[in-house]
Each structure stands twice: as C-alpha cells, then as structure tokens.
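Have a look at the structure below, then the notes.
The values are calculated or read from the model by the stated rules, or taken from the named source; none is laboratory data. This is a predicted model, so every value here is computed, not measured. Using ideal geometry, Cβ is built from the backbone for each residue, glycine included, and neighbour counts are taken over all protein chains shown.
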Amino acid sequence: MHRIVAIALKDLRLLIRNREALFWVLAFPLMMAVLFGAIFSGMGSKARKPMEVAIVDEDQSEASKAFVGRLKSQDSVKLVVKSREGGLAAVRTGKLVAYVLIRKGYGAKQGFMAGDNKKLEVGIDPSRRTERGFLQGILMKAVFGGLQDRMSNPAKTRKFIQESVSGLGAAGARDPEEAKLATFLKAFDSYLGSVDNQTFKGQMKMDGPKIEAVKYAGGKRPRTSFEVSFPQSVVWGLLGIVSSFAILVARERTVGTLLRLRISPLTWTHILGGKALASFMASIVTMALIFALGIVGFGLRLGNLPQLGLAVVCTAVCITGMMMLIATFGKTEQAVSGASWAVMMPLAMFGGGMIPLVSMPSWMQTASHFSPIKWAVYSFEGAIWRDFTLAEMALPCGLLVIIGVATFALGVVLLSRAKS
C-alpha cells in the first residue's frame, strides 16, 4: 500500500507545481461560482425590475384614465407616456418591453352588449417572451378591475344596462333570444332601481379565490444564488483534474516514465492504483476547498453534512474513472488535452455546469440524464438544499459510482494493451 501512496504523492506534487493546472482546478471554478452567483442574485430576494411599457391614451375618457391609473398601481410595470408613433418606435428598437394603445371609443364601448370592443392594442417586443405572460396577466387584472368598479356602482351599472338595451333596438323583435335578453336586462335595471346601494355593493363584490403561499413539505430552497452556483463551479474544478491527470499519464507514456516505472519493483497494480489515488485525493481536496470558501465567503450552507460527504466521495470515484479512460484517448499530451476538453465540455454543458438544471429547456433536461456531471450537481444540491433522504441520494450517488467503476475498468484495459 505504501508504494501506491508514494506514487500518488508524486503525482500530487507534480500537480501542485503546475501553476496552469492549479488555475483550472481552483481559481477558475471560484471565478465561475462568483460570476454565476452574481448573475443569478437578482432572481432571489431582490425585487424584479419593473417592465417599462409605453402607454398611449387616444380616448382620454374617464374610463381610459381609470384604466391607466390601475396599470400605474402595479409595482411590476413602469408606464411611459408616448404617442402612438413613439411607442411603436420604442418597442421596435428594444428600448421598451411593449406598448399599450387605448383607442378612441374605449370609454363609450362599455355596455353589456357593446359588440366589437377591440379598443385595446398591445404590441410586445418578440424577444421578450418571458415578459409577455406577465404583461397579459397585468392587463387582464386592470380590465376586470374596471368591470368591478362599474358593477359596484348601481347608477353606472344601470346606465350600461340601458345602453345595452338600446343597442339591441328593434333586433329583439327579429330574434326571440335577443328579445329574452332585453327582457332580462330591463328586469335587472328595475331591480337596481329599487335595491339599497350598500346591499348591492356587498352582493356584487368580485373576489377571486384566496391563495396562501406555503413552503413545500419536506424541503428547503436556495437561500442565496451562490447555493446554486457553487455546486456548478465544482464541476469546473473536476474538469481541470480530469484534464491534468490524463495529460500527466500521457506525458509519462511519451517520455518513458511509465516504462521505467514498469521495470522497477512496482507492479502494474501499484502504478495504476497510485494514479487513481492521486486523482481521487485531488478531487476530494478540490471539492472541499471550493465548498469551504463558499461557506466562509458567501454564506453557503452545508445542509446534510454526511450526505454531502457521500456525494463528494461518489463524485471523486466517478472523476477518477473518467480520468483513467480519457488518458487513453491519445498518445501525446496535446491529443489527450484536446480529447479531455472535447469530451468533458459537452458533459458539463448538459450537466448543469453552465446553465442551472432547473433553468434548462425540457429537451436539454432529458439529454442531461446521460451526463455524469448532472448527477454530481444533483447530489450536491440534494445534500445542500433539496433535503434529500438517504434513499433519494442513492440514485445519483449510485450512478456516479457505477460510471466511475466502469470507466476506470475500461481505461485500465486500454492502458494495459497500450503499455510498452
């Protein structure tokens, strides 16, 4: 065993002396953690910046002004008064999210049977797909807010009913169904003329269902964006370890160090065991350092410490196996270096190293199942803030170990065939 440890310590010393490798193993992951944490920090407790929307009121009626007032009361919208041409130009050039045009006749077309009442025109920047749904919901709330105000005032309601009956006109004589509707509206108008105002307001009050926001059972949520970005950043350190140790194996094959080790009293098991131990130890230390810096500098929670330790160990096993396999992807340092990044970069991209797993489109989330990086990040999140049980940790951790053992065995076979 001491021979395996001696080879591992030799490889670790070579890694420490290589400043370029240390940059990719430690410095670069921390830079990515801070960068992505800062980018996503606006999604946490800070308020979202209001959408800037141009408002064009061509009607200038009491109803249109009330509609504009209801929009102004929304914290998520910032209205900018524009002309029709100015609003169109601002949206076309990307300066504003959308424009809302209130056409002439908006206030006059407020009866129950107004017919074609397309008096609101909304233009949204096509690139702002996320804001589209929010804005439509806000506009619907403002429109129905006007309906509620109208229905809570008996005098206004009677006016609109009478306008609707007049709009039916002689049509009721031609259409029995419209005649029935006219009869109903006249009866409703008569009722409003006799009912007490306070009673009417209480009966016609329009309240939607009350929604209570609660924490989902048995789980937490990221307290800060850094609890999402630091598990991501660990990926980049592990990529650096895979590349550095794979290149080291290739260099020793090229310069003959591996051959000299073989003809020494060391066995092939000692040699490969030492390199595997070095990669495993470097992975453990790298993950521990990155998480420790996250705790000290950015308030990262440890979550369930035993489960986090399990995730770290299983990830180190997986990384060691992948390193051994990738070391066989070329006979020179340059070939192995290119192959390592060509393989690991797509795995990192689909595994959550660039885009958080929860932010991926559905097709990308499906494809991510084939990336061991995804299961590493998933296990970290499960231990830190997802509150996984031990049974729930079994899937990602088990897959990491299986991938690590399989790739290590394949790498050993290929290296054994290529040794000279």
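See the values below:
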item: Subset tally (residues that are among the acidic types (Asp, Glu) and over 29 Å from Gly299 (Cβ atoms)) for region 333-389; result: 1
item: Any hit, region 214-227, residues being under 25 Å from Gly338 (Cα atoms) and in contact (Cβ under 8 Å) with a residue 24 or more places away in the chain; result: no
item: Lone qualifier among Pro50, Pro29 - being of a type outside the set (A, V, I, L, M) and modelled with pLDDT of 85 or more; result: Pro29
item: Condition check for Leu357: in contact with a Phe, Trp or Tyr (Cβ under 6 Å, 6 or more places away or on another chain), modelled with pLDDT under 95, among the hydrophobic types (A, V, I, L, M, F, W, C) and crowded, with 17+ Cβ neighbours inside 10 Å; result: no
item: Subset of region 390-420 (residues that are surrounded by fewer than 24 Cβ atoms within 10 Å (Cβ to Cβ) and either modelled with pLDDT under 90 or in contact with a Leu (Cβ under 8 Å, 6 or more places away or on another chain) (or both)); result: Met393, Thr407, Phe408, Leu410, Val412, Leu414, Leu415, Ser416, Arg417, Ala418, Lys419, Ser420
item: Residue satisfying condition, being within 23 Å of Trp268 (Cβ to Cβ) and assigned by TED's automatic domain parsing to the domain that holds Arg301, within set Gly398, Gly382, Gly404; result: Gly404
item: Qualifying residues in region 380-420 (those that are part of a loop (DSSP other than H, G, I, E, B) and of a type in the set (Lys, Arg)) - the one nearest to Val249 (Cα to Cα); result: Lys419
item: Trp363 being part of a helix (DSSP H, G or I) and modelled with pLDDT under 90; result: yes
item: Options Ala288, Ala311; residue that is assigned to a helix (DSSP H, G or I) and touching a residue at least 40 places away in the same chain (Cβ under 8 Å); result: Ala311
item: Matching entry among Ala342, Ala348, Ala383 (being touching a residue at least 60 places away in the same chain (Cβ under 8 Å), hydrophobic (A, V, I, L, M, F, W, C) and under 17 Å from Met323 (Cα atoms)); result: Ala348
item: Inter-residue pairs, beta-carbon under 6 Å, first within 16 Å of Ala288 (Cα to Cα) and surrounded by 13 or more Cβ atoms within 10 Å (Cβ to Cβ) and in region 20-44, second modelled with pLDDT of 75 or more and among the aliphatic types (A, V, I, L, M), 6+ apart; result: Val25/Ile241; Pro29/Ile290
item: First in region 367-379 and at positive phi and part of a helix (DSSP H, G or I), second anywhere and modelled with pLDDT of 95 or more and not small (Gly, Ala, Ser), Cβ under 9 Å, 6 or more apart; result: none
item: Verdict on Ala376 being in contact with a Ser or Thr (Cβ under 7 Å, 6 or more places away or on another chain) and assigned by TED's automatic domain parsing to the domain that holds Glu392; result: yes
item: Those residues of region 57-77 which are closer than 17 Å to Gly137 by Cβ and buried (at least 16 other Cβ atoms within 10 Å of the Cβ), in sequence order; result: Phe67, Arg70, Leu71, Gln74, Val77
item: Candidates Leu261, Leu277, filtered to the one that is at pLDDT below 90 and in the same structural domain as Lys10 (by TED's automatic domain parsing); result: Leu261
item: Residue within region 88-98 that is of a type outside the set (A, V, I, L, M, F, W, C) and modelled with pLDDT of 85 or more present; result: no
item: Verdict on Ile326 being more than 17 Å from Phe380 (Cα to Cα), crowded, with 20+ Cβ neighbours inside 10 Å and touching a residue at least 24 places away in the same chain (Cβ under 8 Å); result: yes
